[in-house]
1. List the number of the failed condition for L287; all other conditions in (1) of a type outside the set (S, T, Y); (2) touching a Phe, Trp or Tyr at 6+ places or on another chain (Cβ under 6 Å); (3) modelled with pLDDT of 95 or more hold.
2. When you scan segment 83-95, how many residues do you find that are more than 23 Å from A159 (Cβ to Cβ) and either under 19 Å from the mean Cα position of the chain (by Cα) or touching a residue at least 24 places away in the same chain (Cβ under 8 Å) (or both)?
3. Among the candidates A252, A246, which residue alone is closer than 30 Å to Y30 by Cα and modelled with pLDDT of 95 or more?
4. So, in segment 279-299, how many residues would count as being out of contact with any Lys or Arg (no Cβ under 6 Å at 6 or more places or on another chain) and buried (at least 20 other Cβ atoms within 10 Å of the Cβ)?
5. Give the number of residues within segment 295-320 that are without any contact (Cβ under 8 Å) to a residue 40 or more places away in the chain and assigned to a strand (DSSP E or B).
6. If I ask for residues that are of a type outside the set (D, E), under 21 Å from A273 (Cα atoms) and either touching a residue at least 40 places away in the same chain (Cβ under 8 Å) or part of a strand (DSSP E or B) (or both), which ones from segment 168-203 would you list?
7. Could you tell me which of the residues G174, G139, G180 is small (G, A, S), in contact with an Asp or Glu (Cβ under 8 Å, 6 or more places away or on another chain), crowded, with 18+ Cβ neighbours inside 10 Å and farther than 26 Å from G60 by Cα?
Amino acid sequence: MLKSNKLSIAMLVAGGLLSSTSAVAKPDFYGRFSLGVLNTYDQDEGERVTKIENQASRLGIKGNASLNETINFIYQLETGINPSDSSKPLFSMRNSFIGVEGNFGQFIAGTFDTPLKKAQGKVDLFNDTVFDLSKIASGEVRHQQSLQYQTPSLSGFKAAVNWLPSAKKGVDDGLSVSAGYAVKRFAITVAVDNRVAGDGGVITKKSEPLNTARAVFSVNASETVAIGFLAQYSEGVGRDKSRESAWLTSAAWTIDKVKLKAQLGQGLADRDASGASSDARISQLSLGVDYSIVASTTAFFYMGMSRFEEGAGGTLVKESRNSASAGLGLRYKF
C-alpha cells in the first residue's frame with residue numbers, strides 16, 4: 001500500500017514539474033470525483049447497509065511532445081483515488097502509459113484497459129456502480145503489462161492489438177484484439193481475448209485465463225436518444241473449466257440538462273470452474289437520471305434490482321435472491 005501511495009504521489013508531483021517546464025509540452029492535469037450514498041444488500045454482512053460509494057474517482061496528467069513533423073511522443077499517468085473507505089488504499093494505478101503516435105497509428109506500453117474492455121464504449125450506462133457490466137460479464141481487464149498497437153481511423157474503421165506478457169515462468173502470454181467501425185450515429189465493435197484473466201462474471205475465477213469474444217452495437221437514434229447492445233461469450237482455459245455468456249442493452253434520453261437512463265442485462269454460467277453443469281445466473285434492471293448542474297458537475301440518482309440464482313451471488317443451487325439498490329450523489333470533472 002505504501003509503495004502504491006508513494007508512486008501515485010510521485011506521479012502528481014511530476015505533473016506539477018512538467019507543467020512549469022517550457023522544454024516539454026504542457027500536460028493536461030485532469031480528474032474526476034464521483035461519490036454517492038448507496039443503500040444495498042451486503043452479502044458479507046447479511047443485511048442491508050447504507051454506505052458511501054466511490055465511483056472510480058481519479059487524478060491524472062497527460063500530454064504529448066513533437067519528436068519531428070510526423071511523430072509525437074505521448075504519455076499519461078493516472079491514479080485512482082478512494083476518499084470514502086479508509087480500509088482500502090488511497091491511491092491505485094489506472095491507465096498509465098508512454099508511447100508514440102503519427103499517421104501510422106499509435107504504439108503504447110504500460111498499464112491500460114484491454115481492447116475488449118474498451119469495446120463496451122458507452123453502452124454500460126451504470127459503469128462503476130453496483131450495476132456495472134463486470135457484475136454479469138467477464139473481460140473488464142486493465143492489465144499491468146501491456147504493449148499495444150492501434151491503427152489510425154481509416155474511413156471510420158479502427159483496430160487494436162494488445163500483447164499482454166505474463167512475466168511469469170510457465171504462464172502463457174495473453175492477447176486482446178478489437179476491430180470497429182464508427183460513423184456519426186452508428187458504431188459496431190467486435191473484440192476477442194485469448195488467455196486473458198477474466199476479472200468479473202457470474203462465477204468465473206478472476207485469477208485464471210479466459211478466452212472471450214464480445215460484440216457491441218450502438219446507435220444514436222436521434223440527437224437526444226442513444227441505444228446500445230452488448231453480447232459476449234467466455235470460457236476458461238486450463239484449470240478453469242467455466243463457460244459463461246452475457247448480454248446487456250441500454251437506452252438514454254437527453255432532455256436539456258436531464259439524461260434519463262435504463263439498462264437491462266443478464267449473465268449466465270452453464271458450466272462452473274470445475275467443469276460441472278451449472279444454471280447460475282445474474283439478472284439486472286437499473287434506472288437512473290443525471291442532472292447537469294454546470295458543465296463540470298452532475299447530480300445523479302439511480303435504482304434497480306439484481307436477481308441471483310442457482311449459485312450466483314452466494315445463493316445455493318435451486319435457490320434465488322433479489323437485491324434492490326439505490327444511490328444518489330455528485331460527479332465533478334475537470
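The values are calculated or read from the model by the stated rules, or taken from the named source; none is laboratory data. Only a predicted model underlies this, so the values are computations on that prediction, with no experimental measurement involved. Note that we place each Cβ from the backbone using ideal geometry, even for glycine, and neighbour counts take in every protein chain shown.
1. Among (1) of a type outside the set (S, T, Y); (2) touching a Phe, Trp or Tyr at 6+ places or on another chain (Cβ under 6 Å); (3) modelled with pLDDT of 95 or more, the lone unmet condition for L287 is (2).
2. Result for segment 83-95: 9.
3. A252
4. Summing the residues that are out of contact with any Lys or Arg (no Cβ under 6 Å at 6 or more places or on another chain) and buried (at least 20 other Cβ atoms within 10 Å of the Cβ) in segment 279-299 gives 5.
5. 10
6. Hits for segment 168-203 are G174, V192, N194, R195, V196, A197, G198, G200, G201, V202, I203.
7. G174
Rundown of residues vs (1) within 20 Å of the chain's Cα centre (by Cα); (2) assigned to a strand (DSSP E or B), yes/no style:
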residue: A56; (1), (2): yes, no
residue: G60; (1), (2): yes, yes
residue: G99; (1), (2): no, yes
residue: Q120; (1), (2): yes, no
residue: D124; (1), (2): yes, no
residue: E140; (1), (2): yes, no
